[in-house]
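The block underneath contains the structure these notes are about, expressed in structure tokens.
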Amino acid sequence: MIQIRFEKPEDIAFIRSVNEQAFDSLAEAKLVDKLRLTCSEYLSLVADDNGSIVGHIMFTPVLVTGVKQKTQGMGLAPMAVLPSRQRQGTGTMLVKYSLQILREKKCPFVIVLGHPDYYPRFGFQPAFRFNIRSQWEGIPDKAFMVLFMDDNAMKNVSGVATFREEFNDPL
């Protein structure tokens, strides 16, 4: 039985392993480790299957800066599920549970750079439809998505979405 819960210090090595295996790279695992050390406002959850960590999701602050306003929300990155546990609903559980936490915390929006066939099921839409652009050049419009969780807070919000500086650092 999978339980979605907040990460604990004893989970860190397992979270690292999940990210390494899911992405077949060290970059995302290093990013998570760095964000954990440098960002006090992150949200990090794990999918725990009877004591085994099989998935992980992390959110950190994102700022949308327009001509007249700055609005802070969260960015979903990364999300990882062990390859042997993918396509079994673990990622869906992680996303749904974490978005509910962010709604309760009155987070106005979540940005994700992700698979355009996966994230719309949670309400994500291409950010360009709301005149929100990525800080990075060349990002496909359909992969850069936003989920408004507070429509009133997001009225007339547009501009460039900027992730934390750690996302720009070579790992």
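Applying the selection to region 16-46, what residues are among the hydrophobic types (A, V, I, L, M, F, W, C) and without any contact (Cβ under 8 Å) to a residue 60 or more places away in the chain?
Correct list: F23, A29, V32, L37, L43, L45, V46.
Could you please find all residues in region 43-61 being under 18 Å from F23 (Cα atoms) and either surrounded by fewer than 21 Cβ atoms within 10 Å (Cβ to Cβ) or among the aliphatic types (A, V, I, L, M) (or both)?
Selection gives S44, L45, V46, A47, I53, V54, I57, M58.
Only residues that are aliphatic (A, V, I, L, M) and not in a strand (DSSP E or B): list them for region 36-59, please.
L37
Out of L45, L37, which single residue is more than 24 Å from G159 (Cα to Cα) and within 12 Å of the chain's Cα centre (by Cα)?
Being more than 24 Å from G159 (Cα to Cα) and within 12 Å of the chain's Cα centre (by Cα) holds for just one of L45, L37, which is L45.
In region 23-51, how many residues are out of contact with any strand residue (DSSP E or B) (no Cβ under 9 Å at 6 or more places or on another chain) and either more than 21 Å from A143 (Cα to Cα) or of a type in the set (S, T, N, Q) (or both)?
Of the residues in region 23-51, 9 are out of contact with any strand residue (DSSP E or B) (no Cβ under 9 Å at 6 or more places or on another chain) and either more than 21 Å from A143 (Cα to Cα) or of a type in the set (S, T, N, Q) (or both).
For region 52-83, name all the residues that are farther than 18 Å from I101 by Cβ, out of contact with any strand residue (DSSP E or B) (no Cβ under 6 Å at 6 or more places or on another chain) and at pLDDT 95 or above.
S52, P83
Yes or no: region 142-156 includes at least one residue that is surrounded by 14 or more Cβ atoms within 10 Å (Cβ to Cβ) and farther than 22 Å from L99 by Cα.
No, region 142-156 contains no residue that is surrounded by 14 or more Cβ atoms within 10 Å (Cβ to Cβ) and farther than 22 Å from L99 by Cα.
So V32 clears everything in (1) surrounded by 16 or more Cβ atoms within 10 Å (Cβ to Cβ); (2) part of a loop (DSSP other than H, G, I, E, B); (3) of a type in the set (V, I, T) except one condition, right? Which one?
(2)
Please find, within region 1-27, the residue that is surrounded by the most Cβ atoms within 10 Å (Cβ to Cβ) out of those that are assigned to a helix (DSSP H, G or I) and modelled with pLDDT under 95.
Selected residue: F23.
For residues in region 83-140 being part of a helix (DSSP H, G or I) and of a type in the set (F, W, Y), which is nearest to N156 (Cα to Cα)? Full working, then the answer.
From region 83-140, those part of a helix (DSSP H, G or I) are 83-85, 90-104, 119-122, 127-130; that's our starting set.
Imposing the further condition that a residue be of a type in the set (F, W, Y) reduces the set to 97, 119, 122, 128, 130.
Values: Y97: 28, Y119: 23, F122: 22, F128: 13, F130: 9 Å.
Top of the filtered list is F130.
So the check is Cβ under 9 Å with 6+ separation or different chains; which pairs have a first residue in region 141-156 that's touching a residue at least 40 places away in the same chain (Cβ under 8 Å) and over 13 Å from C107 (Cβ atoms) and a second one that's loosely packed, with under 14 Cβ neighbours inside 10 Å and charged (D, E, K, R)?
Once the first residue is touching a residue at least 40 places away in the same chain (Cβ under 8 Å) and over 13 Å from C107 (Cβ atoms) and sits in region 141-156, its partners that are loosely packed, with under 14 Cβ neighbours inside 10 Å and charged (D, E, K, R) give N156/K68.
The values are calculated or read from the model by the stated rules, or taken from the named source; none is laboratory data. Values in this document were obtained by computation on a predicted structure and should not be read as measured data. Quick reminder, even Gly has a Cβ in these numbers, built from the backbone with ideal geometry, and neighbours come from all protein chains shown.
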